[in-house]
Amino acid sequence: MSITDSSPVEIVAADPNRIIIFDTTLRDGEQSPGISLDQGEKVEIAEQLARLGVDVIEAGFPIASQGDFESVQAIARSVSGPVICGLSRTALKDVDRCWEAIEPATRRRIHVFIATSETHMKHKLRMTPDQVKAETASAVAHARNYTSDVEFSPEDASRSDFDFMCEVLQIAVDNGATTLNIPDTVGYGMPAEYATRLADVRNFVKGDYIISTHCHNDLGMAVANSMAAVHAGARQIECAINGLGERAGNAALEEIVMAMRTRSDYYGGIDCAIRSEELARTSRLVSRLTGYAVQYNKAVVGRNAFAHESGIHQHGMLSDPSTYEIMDPAAVGQGETKIVLGKHSGRHAFADRLKTMGYDLSGDALDSAFTRFKELADRKVELSDADLEALVAEEIGDTVHYAFQLVSVDCRGGSTTTPTATVVVTHDGESMEATAEGGGMVDAACQAIKMATGVHGTLTGYTVHSVSGDVDALADVALRFNVDGLSMPGRGLSTDVVEASARAFLNAINRIVRVQKSGEDPTKVARPGSLR
Ligand code: KIV
Ligand code: ZN
């Protein structure tokens, strides 16, 4: 099954076993505490989602901020394949703004929502049920004037009075909604109960529409609820990479897809257009850019999802992998893909390899990525695909023109002597050196960088992630630096954790200097809020 130019409604009409995968990593996922992606990073994720084969990308909530609006618009302009969707409240100006952001896309969807549970109407909206009905009618009709693809969600559906919710849903369909999404906004539903609610909606609400799931994971039921709903007739699943989303998150896309594929016998032959071999890579990209680590034993994309430790299991695996594996690791992109690129590889081979991985770099971006590749390959014999992904993320996700460049960082000391670091940085061709002591090597390097650059502030967060998990893995450092209330993230990659930290620290400083000098909107230079 593949993505076509048809609308989701046409796709499902042509094949009732086809499930529409609606990805909300960039909207609900981006609302996770501590995550703030900049425009370049959002576009990078959206491009990977298109490569993965999602049907719909919910790119953001355009009315929420100027940054959100511009990111949705940038995605609508540059990402082809999936339908580009924007979220909108029922106010007509929200709908207008949403349309303005998604208009450049080839296929567009407006997703209108309003709460229908008593508690939300009373305490949040301060609206009467009649007002909610009127708002639904006007917003959906207005959206429908812009596009034939309109989704409607009664927020907090699983705690809403069923009859009232159906009245609102009927109004939405009568005014042109083509997808009805039933959000379990607070993760309250149980699989059989949620499935029954969806089946009942289909019986009560008349018209032509696709019914959709949107499940939160507060009780760890998001995937189970979504799959139960599919059994009850849902043909769209809203989900997010690595299960990102508000609070405990949304249903994890990778789990949904592999449950559907692995147990298609149970689900009666349903399928979707996802290229599952891209799952692991998409998960790594999202994890790297958001700073949300993937737990080791996470289903499908966790580092240990296909690891076998006990002797009995290893023995079984050696005689036949089907003894303990229900999925082929290669089918989710977790196969062993060591590349032969090393320090002797040329620019051409490097660019070619990136191209097969889907990165089309040229000009300055390719030059600087190749220079970094050579530096790293000099120290690490083999670079895996995961290493290359991290390298590209460091190079092209970065929109900063560096003011300061790291030349070297040398550390001395250990458990018995005070750690000391000497750093050399350049700025506009001028070289600056400073030496400082610290509580540890990383601290000493950061102190020395502060002295060399003259930029002082507080380090408010720090995480280090090993790219491949081996002893010789590249260290990927994410940190946050605060200068006079302006907090900026920074990232750095190296075979050495102190050097990766120094690079990340300088990256944050450069962003701060750039914002201070230009008065630019900080959200446009901000990198992941990886630090919680
Ligand atoms: O959880 C929720 O209810 C939502 C809606 C906006 C669909 O995210
Ligand atoms: Zn949600």
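The values are calculated or read from the model by the stated rules, or taken from the named source; none is laboratory data. It should be emphasised that the depicted structure is a prediction, and the values quoted were computed from it without experimental measurement. In this analysis, Cβ positions are derived from the backbone assuming ideal geometry, glycine residues included, and neighbour counts consider all displayed protein chains. Only protein heavy atoms, including side chains, enter the accessible area calculation; ligands, DNA and RNA are left aside. Shrake-Rupley method; radii C 1.70, N 1.55, O 1.52, S 1.80 Å.
Below are the figures for this structure:
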item	result
All positions within the stretch 51-75 that are surrounded by 23 or more Cβ atoms within 10 Å (Cβ to Cβ) and either part of a helix (DSSP H, G or I) or in contact with a His (Cβ under 6 Å, 6 or more places away or on another chain) (or both)	52, 62, 68, 71, 72, 75
Residues of the stretch 225-241 satisfying the condition of being out of contact with any Gly (no Cβ under 6 Å at 6 or more places or on another chain) and over 14 Å from residue 54 (Cβ atoms)	226, 227, 228, 229, 230, 231, 232, 233, 234, 235
Residues satisfying the stated conditions in the stretch 144-171, i.e. basic (Lys, Arg) and either in contact with a Gly (Cβ under 8 Å, 6 or more places away or on another chain) or not in a helix (DSSP H, G or I) (or both)	144
Among residues of the stretch 82-113, those that are touching an Asp or Glu at 6+ places or on another chain (Cβ under 6 Å), open to solvent by 30 Å² or more (accessible area, probe 1.4 Å) and not in a strand (DSSP E or B), counted	0
Flag for residue 9 being outside any loop (DSSP other than H, G, I, E, B) and within 18 Å of residue 179 (Cβ to Cβ)	yes
Meets criteria (free of Cβ contacts under 8 Å to residues at least 12 places away in the same chain, closer than 24 Å to residue 187 by Cα and either out of contact with any Ser or Thr (no Cβ under 9 Å at 6 or more places or on another chain) or buried (at least 17 other Cβ atoms within 10 Å of the Cβ) (or both)) for residue 250	no
Test for residue 171: is it under 30 Å from residue 71 (Cβ atoms) and crowded, with 20+ Cβ neighbours inside 10 Å	no
Spans of helices (runs of 4 or more DSSP H) in the stretch 306-393 with at least 3 residues modelled with pLDDT under 80 and either out of contact with any Gly (no Cβ under 7 Å at 6 or more places or on another chain) or of a type in the set (A, V, I, L, M) (or both)	311-319
Only listed residue being surrounded by fewer than 22 Cβ atoms within 10 Å (Cβ to Cβ) and either assigned by TED's automatic domain parsing to the domain that holds residue 151 or over 30 Å from residue 51 (Cβ atoms) (or both), chosen from 189, 207	207
